[in-house]
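Below: the structure, in structure tokens.
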Amino acid sequence: MTSAATSPQQDQTDETSGPVIIGGGQAGLAAAWHLTRRGMRPVVLEASSRLGESWRSRWDSLRLFSPAQYDALPGMPFPAGTDTYPAKDPVGDYLERYAAESGLVVRLNSRVTGLSRLGEAFEVRTANDVLRTSRVVVATGPFQRPFVPAVGQKLDASVTQLHSADYRNPQALPDGPALVVGGGNSGLQIALELVAGREVHISVGENPPTLPQRIARRDLFWWLTRTGLLSVPATSRLGRRMQSRGEFVIGTRRRALKRAGVQFRPRLVDADGHTVRFADDTTLDVPVIVWATGYRSDYSWIQIPSVVKDSRVVHRRGVTDVPGLYFIGLSWQHTRGSALLGFVGADAAYLADHITSETTTTTRFLPASAGRKSSN
């Protein structure tokens with residue numbers, strides 16, 4: 001069975017029935033699968049020319065922390081051995097195959113530039129289409145806009161700066177010492193990879209909790225699922241405590257990096273030319289900086305009041321106060337697993353039940369030149 005994955009044509013006019021899902025990553029595809037199984041015909045809009053590109057575009061050596069048996073979307077096991085850790089490209093290939101074998105309707109090269117209200121319906125704008133529907137699921141994920149601190153603007157143009165989103169491998173960087181800024185999973189992994197061939201410093205402002213990959217010969221995710229920690233509700237007392245501690249580092253310990261030669265520095269606070277200054281007033285001249293400083297949400301394309309406040313989505317388990325508008329794949333949307341590949345399916349099933357309990361939806365595809373007037 002093949003998916004109806006297509007690229008939009010200029011001035012295309014189509015008509016289909018079902019919700020519009022914005023984003024063709026794991027969250028969007030899981031939502032589409034559940035809606036399809038409930039008799040609906042959702043349309044997935046994917047910005048890239050191929051499903052899974054957000055995974056394929058990450059650094060070369062990236063592997064999942066979760067073993068293959070915990071990486072499946074609803075209805076299809078991940079095609080890898082138990083207790084193996086898939087690399088990024090197989091994850092992208094899996095998403096592509098998942099959509100095809102599930103018969104999901106996917107429209108590629110369909111980056112959404114605007115979402116607004118049109119009476120009791122929604123208007124979804126892409127470069128080539130104006131889509132009108134009464135149900136929209138936003139599945140753009142938690143990693144939308146790479147964040148680089150303003151201090152980076154004080155560095156000389158000759159200093160090579162890149163975000164971890166653009167890092168691929170050590171060979172792609174100029175020779176010489178490197179500074180990695182950020183002590184999360186990405187920062188520690190990149191620093192460990194770089195130190196094999198150069199002097200590496202890492203600036204860490206906070207020390208997130210660190211968990212080993214395996215405990216008593218069992219993978220960490222075996223313990224997390226057996227203890228129920230991945231399914232603790234975000235609104236519970238324990239869930240709030242877990243959120244307050246932030247994201248945890250899995251498998252990469254500071255001691256291992258120090259043994260490999262990585263030099264730890266405190267928080268970076270200033271820069272001038274080629275020199276950076278840290279919180280302890282020490283300085284360092286560096287030709288290369290990798291910013292592993294995370295991402296920020298970008299919902300500027302949503303022109304619907306009250307949905308986003310202070311860059312955060314206002315929702316209850318993905319259901320907003322705007323009838324017919326839903327989100328999926330948010331960090332801690334309902335549980336710790338809400339944004340993880342193998343665990344987003346629970347939220348997808350919940351939203352699918354909620355959507356299908358309401359009125360049947362209709363989506364119309366209009367040419368991009370169609371009238372853009374809408375009411376918020």
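Structure notes:
- Candidate set: region 63-108, residues that are assigned to a loop (DSSP other than H, G, I, E, B) and in contact with a strand residue (DSSP E or B) (Cβ under 7 Å, 6 or more places away or on another chain); chosen: the one nearest to Leu45 (Cα to Cα): Leu108
- Summed over region 207-233, residues that are surrounded by 13 or more Cβ atoms within 10 Å (Cβ to Cβ) and closer than 25 Å to Asp347 by Cβ total 14.
- Test: Thr252 is of a type in the set (Ser, Thr, Tyr) and out of contact with any Ser or Thr (no Cβ under 7 Å at 6 or more places or on another chain): yes
- Looking only at region 296-353, and only at residues there that are touching a strand residue (DSSP E or B) at 6+ places or on another chain (Cβ under 9 Å) and charged (D, E, K, R), the one that is nearest to Gly114 (Cα to Cα): Asp298
- Some residue of region 328-340 being assigned to a strand (DSSP E or B) and either modelled with pLDDT of 95 or more or not assigned by TED's automatic domain parsing to the domain that holds Pro86 (or both): no
- Lone qualifier among Leu104, Leu131 - being in the same structural domain as Trp55 (by TED's automatic domain parsing), in contact with a Phe, Trp or Tyr (Cβ under 6 Å, 6 or more places away or on another chain) and crowded, with 23+ Cβ neighbours inside 10 Å: Leu131
- One residue stands out in region 203-213 among those that are polar (S, T, N, Q) and in a loop (DSSP other than H, G, I, E, B): the one that is modelled with the highest pLDDT, namely Gln213.
- Of the helices (runs of 4 or more DSSP H) that lie entirely inside region 214-318, those containing 1 or more residues that are of a type in the set (Val, Ile, Thr) and not assigned by TED's automatic domain parsing to the domain that holds Gly184 span 220-227.
- Residues considered: Val262, Val249, Val288. Of these, the only one that is at pLDDT 95 or above, among the β-branched types (Val, Ile, Thr), touching a Gly at 6+ places or on another chain (Cβ under 9 Å) and surrounded by 13 or more Cβ atoms within 10 Å (Cβ to Cβ) is Val288.
- Among residues of region 296-322 being among the small types (Gly, Ala, Ser) and on the phi < 0 side of the Ramachandran plot, the one that is surrounded by the most Cβ atoms within 10 Å (Cβ to Cβ) is Ser297.
- Restricting attention to region 143-179, the residues that are under 15 Å from Asp60 (Cα atoms) and polar (S, T, N, Q) add up to 3.
- So Gly152, is it touching a residue at least 40 places away in the same chain (Cβ under 8 Å) and out of contact with any strand residue (DSSP E or B) (no Cβ under 7 Å at 6 or more places or on another chain): no
The values are calculated or read from the model by the stated rules, or taken from the named source; none is laboratory data. If you're wondering where the values come from, they're calculated on a predicted model, not measured in any experiment. Cβ coordinates were reconstructed from backbone atoms using ideal geometry, including for glycine residues, and neighbour counts include every protein chain displayed.
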